[in-house]
Amino acid sequence: MAAGPDGPEVPDPGADGAGSRFVPPERLPAAWQPLLGRPALAELLGHPLALAALTEMRRLLPPRVAVHSLRSFLLADACACSHGTAYDRVGLLAAAAFHDTGLVGRSPLGRGGFPGRSAQLLDAFLVGHEVGPGRRAALTRAVREHMRPFPPRDAGPEARLLHFGAWLDVTGRGERHIPGDRERLADLAPTPWFAVSFSARVVACGLRRVLPGSPVAPR
C-alpha cells in the first residue's frame, strides 16, 4: 500500500481488482518517467485521483501531447512555488492531463471548440471519482479557458496556473517568471518541433467545428 500526500492509501492494483482504475507509475510510458521523477509529480503518485488521471491521459492522448501535458503541470507548479500561490495540486494535475483531450477524435465539435470538449471529458472523469461540484467547476473552467490569450481577471489559481504552464511550454511566453525551467523539462522529455505539430492539431480541430452536422457550422 502506498499513501499519497493529500489523500488515502492507494490499493494494490492486483488486489481484488480494486486498483483496476489506474496504472501503477512504473508501468506508465518510458518517455514520462523523467518527468514523473520530478518532485512536484513524484509526490502525487500515491494519490488515487492523480494516478487515475495519468491513466486516462495515457489512454486518450498521443504520446507527444501527453508529454506536453506533464510539462505544463510542472511549469505551472514551478510558477506557483515561485510566487507562493496555494492551489489544488492534485486537481491541477487532473486538469493538465485532460486539457488537450478535445484535440483527439474526428467528430464535429460544438460550441467551445476543443477546450470545451476537453472540459466535458474532465468533468465526466471527476464525477466518476466523486469530486464535488465546486472543485469540478474550478478545474473545468481552467481547461475550458486555457486557450484564451490571457486568463480572465476573476480566474482562480488553477485557471491561471494551467494557462501559464500550457502557454509557456508551447510558446515560451512567461519564461521570465521561472527562467530555465522550460529548457530543463524539454531536455528531460524532448518533443522536437512540438509547437508546429501542436498548431496543426489546433487548426484541424478548428476545421472540425464546421464539419457537416456541427452545431456551430456557418449558415
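So here's what we get for this one:
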| quantity | calculated |
| --- | --- |
| Hypothetical label at Ser197: residues of the range 38-69 whose amide nitrogen lies under 19 Å (7 Å Cα-Cβ projection) | 57-69 |
| Most to least packed among 185-195, 155-165 [average Cβ atoms within 10 Å] | 155-165, 185-195 |
| Linear extension gain, Glu130 paired with Ala42, 0.36 nm per residue minus alpha-carbon span | 29.3 nm |
| For the range 122-127, Karplus couplings with θ = phi - 60° (6.51, -1.76, 1.60), whole Hz, Gly/Pro x | 5, 4, 4, 4, 5, 4 |
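Only the coordinates and a few stated rules stand behind these numbers; no lab work does. Note that the structure is a prediction, hence the values are computed from the model and not measured. Counting neighbours? That spans all protein chains shown, and the Cβs are built from the backbone with ideal geometry, glycine included.
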